[in-house]
Amino acid sequence: MNKYFILCVACLTGVFVLSCSQYSNSPLSVGFHNVNAKYNALFQAKIKFKEAETLIFDARQDNFSQLLPILLPIDSLSAQAVNEQLSAVIKKASLVAERHQNSKWLDDAYVIIGQARLLKEDYKNAIETFKFVNTNATSDDARDAALIGLMRAYTEQGEYQTALRVAEILREEPLNKENTADFYLTKAYLHQLKEEYKTSVAILEEALPLLPKNEEKARLYFVAGQLYELINNPTLAAQKYSSVSKNRPSYNLGFYAKLNKSLDLGQTNSFQKLLKDPKNNDLQDKIYEAMATAEIRKGNTKAGLTLLQSSARTNQNPQQLAFTYLRLADSYYNQMGDYEMASAYYDSTATLLPQQDAQYKRVIDRQRSLADFVTQVRIIRTEDSLQSLSKMSAEQLDKILEKVYINQQLKEDSQKRAAEIANKGKQLQNKNTASTFNDPNKPMWYFNNPIAISQGKTAFTARWGNRVLEDNWRRSSKENTLSFDNNALSNQNLTNNVGNNLGDLNAKNIGADGMKTGIAALRAKIPFSPEAILASKKRQEEATFALGKVYKLNLNEPKNAIITFEKFLKEFPSSSHETEVLYLLCLLTEDDAGVYASYKNQLLTKYADSYFARLLIRSQNESLSTGKESEVQKLYAEAYNYFGQNNFANALTIVETGLKDYPNSQIEDKLVFLKAILLAKTQDTKAYKTALENFISDYPKSQLITLAKERLATLSAK
């Protein structure tokens, strides 16, 4: 009896196992694999995926002064932080494909694998997975979810047109509620990245009613408010900011929403009250920034900038401070035209702004162009001041140098104290961090999370402190340099200006020896001899010339360029740069026929044979015809023939005729080089050297450039 029972059980078990094959279509098999796929592997994968999404969202560092992204951008930091969870998602979901091929949840498993790969920045495999689902899925919802993931992958890689083509396919599909919300959010994000803000906010409006009340929805209402501000619709922006408080926002999110709403409605009377509220002590920088925005909107730019500076002083977050500095820099550059202040703030912005930020390149380019401007302005100002000092009486000079030296010592002392305080703060921070790592009972998420760490870096503050922007701000101890007010030193106010804010520092507490040595170092920089004065003026000449070019080429300030070049011609007559300055003035005054004619006449009269005279004529003439090119070729051959016969005078005359009558010829560089050789035979060495230098400068791409450099090197070696 027992034998028959055991045999029956074995047979039934075998039948059951065979019927549960993942390749079987029997109801029992399909039901078995559906249950195991959904409530085992796929269920665990979804839990891990939700955990990863929550960690990324909670670790974000939103800068409410900037436009927030609708979807959190995918990057290597976020991928690294949740790598463990995402790897678990892929592992668990892959079990469905390996063991439950006949399950109806197979398509969902592939979708979540693709989504996990997307968050890991594994775009290639994510795209392949989504395409596989789109081609092979039996579930319409899974296929739609895969296409949404595909659109997101292309968007993150900047392939916007491809993403839009996917969106067109989805637009024709009847999506379920979850996919509809995801589709709208992804498409709104795509248009936001393309800076199509009107389209973006319109699509975002469609998504908002489909989302549950939570902090994520509150954040999206905030983004909608920002987008409406960008398209100049403050009324709708205020409405969206009002909706933030109805969707369980964090304290900071709710605070910024109220702040922005007040700005959009012009209700700024409450700002002072907010400043006095102890709960807002760590948000004072944002209140000041909002007050600044209100003043700037009223047209009170100076008052607004003062409030922005207050915001910078109270800001404790280096990453957000970068955007405050950037706003100050842009305001000084665009509204105030104060390029020195703008340069200082762009410099600070470049130090703090993350390199992956979209504005980083613009900041660096502006920083570099303004750095040259500031350099030239300071040279001009310093040399002017030094020359003025050289004309003072010994008694007056000693008083001024003493105050300048004391002022420098005061700055150094202040910066050393700031550095000491910052170092103490850094040591305390390191101590606290170490204790957190060593305590296994304390939560480790924040300190193990590269997202939070990278976005919360305080290296700048720890090393430098929140310093006032000034010259040489990075240095803890500065070499003695003369620093003066913008006014000329001959002004009676100089003594008062250099002595401002000296506090209790004086010669007694500095020390007589230090004072004497410091003043001697300052005095050594003053040009007293005629040779030193000449060298100082030469530096001024070069700086003024360079400044004019910066105005024209870097800053696009034609009016200031004209003023600077006209000043140059007046103060530095017969300069070696005069020909180029006259040429640049011709370009700058093309719209003023009378002024243009004057500068053109000077250039063509005084420097008819110069490169810039030919360049001006060339710009006014079309290329030579084939016949004209043949004529100039014959002239060149004739001149070269005279040169071979040692008839240098005739050769030079023919070359000059060729340059004058045939501008913009294909052999112009050959004529100019031959002229330089002829000058060596007909004039002195100086003329020959100058001609070679001009050739190298004017024709850098000529085939004769190497020969010219060799001749110049030989000449210089003699």
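The values are calculated or read from the model by the stated rules, or taken from the named source; none is laboratory data. Here the structure is a predicted model, which means the values were calculated and not measured. Quick reminder, even Gly has a Cβ in these numbers, built from the backbone with ideal geometry, and neighbours come from all protein chains shown.
Annotations for the structure displayed:
- Residue in segment 539-587 that is surrounded by the most Cβ atoms within 10 Å (Cβ to Cβ), counting only those that are basic (Lys, Arg) and either under 12 Å from residue 376 (Cβ atoms) or within 30 Å of the chain's Cα centre (by Cα) (or both): 552
- In segment 568-594, the residues that are within 13 Å of residue 606 (Cα to Cα) form Cβ pairs under 8 Å with partners that are modelled with pLDDT under 90 and among the hydrophobic types (A, V, I, L, M, F, W, C), at six or more places apart or across chains, as follows: 579/612; 579/613; 580/612; 582/612; 583/612; 583/613; 583/615; 583/616.
- Flag for residue 609 being within 29 Å of residue 582 (Cα to Cα), acidic (Asp, Glu) and either in the same structural domain as residue 566 (by TED's automatic domain parsing) or not in a helix (DSSP H, G or I) (or both): yes
- When restricted to residues that are at pLDDT 90 or above and crowded, with 20+ Cβ neighbours inside 10 Å, segment 76-88 contains 3.
- Leading residue by the ranking (surrounded by the most Cβ atoms within 10 Å (Cβ to Cβ)) among those in segment 49-75 that are at pLDDT below 90 and either of a type in the set (S, T, N, Q) or not assigned by TED's automatic domain parsing to the domain that holds residue 324 (or both): 65
- Residues within segment 316-333 that are polar (S, T, N, Q) and at pLDDT 90 or above, tallied: 2
- Residue ID - farthest from the chain's Cα centre (by Cα), chosen from residues in segment 135-155 that are over 22 Å from residue 50 (Cβ atoms) and surrounded by fewer than 18 Cβ atoms within 10 Å (Cβ to Cβ): 138
- Whichever residue in segment 46-65 is among the small types (Gly, Ala, Ser) and within 29 Å of the chain's Cα centre (by Cα) and, among such residues, is nearest to residue 82 (Cα to Cα): 59
- Test for residue 363: is it surrounded by 17 or more Cβ atoms within 10 Å (Cβ to Cβ), touching a helix residue (DSSP H, G or I) at 6+ places or on another chain (Cβ under 6 Å), closer than 18 Å to residue 555 by Cα and among the hydrophobic types (A, V, I, L, M, F, W, C): yes
- When segment 298-312 is filtered for residues that are loosely packed, with under 15 Cβ neighbours inside 10 Å and either among the small types (Gly, Ala, Ser) or at pLDDT below 90 (or both), the ones remaining, listed by number, are 298, 299.
- Meets criteria (touching a residue at least 40 places away in the same chain (Cβ under 8 Å), surrounded by 15 or more Cβ atoms within 10 Å (Cβ to Cβ) and more than 19 Å from residue 560 (Cα to Cα)) for residue 369: no
- Selection of helices (runs of 4 or more DSSP H) fully inside segment 622-718 by the criterion of at least 2 residues being more than 27 Å from residue 577 (Cβ to Cβ) and touching a Gly at 6+ places or on another chain (Cβ under 8 Å) returns 626-644.
- Segment 691-718, residues that are of a type in the set (Ser, Thr, Tyr) and within 23 Å of residue 646 (Cβ to Cβ): 714
- Qualifying residue in segment 347-357 (condition: touching a Phe, Trp or Tyr at 6+ places or on another chain (Cβ under 9 Å) and farther than 25 Å from residue 68 by Cα): no
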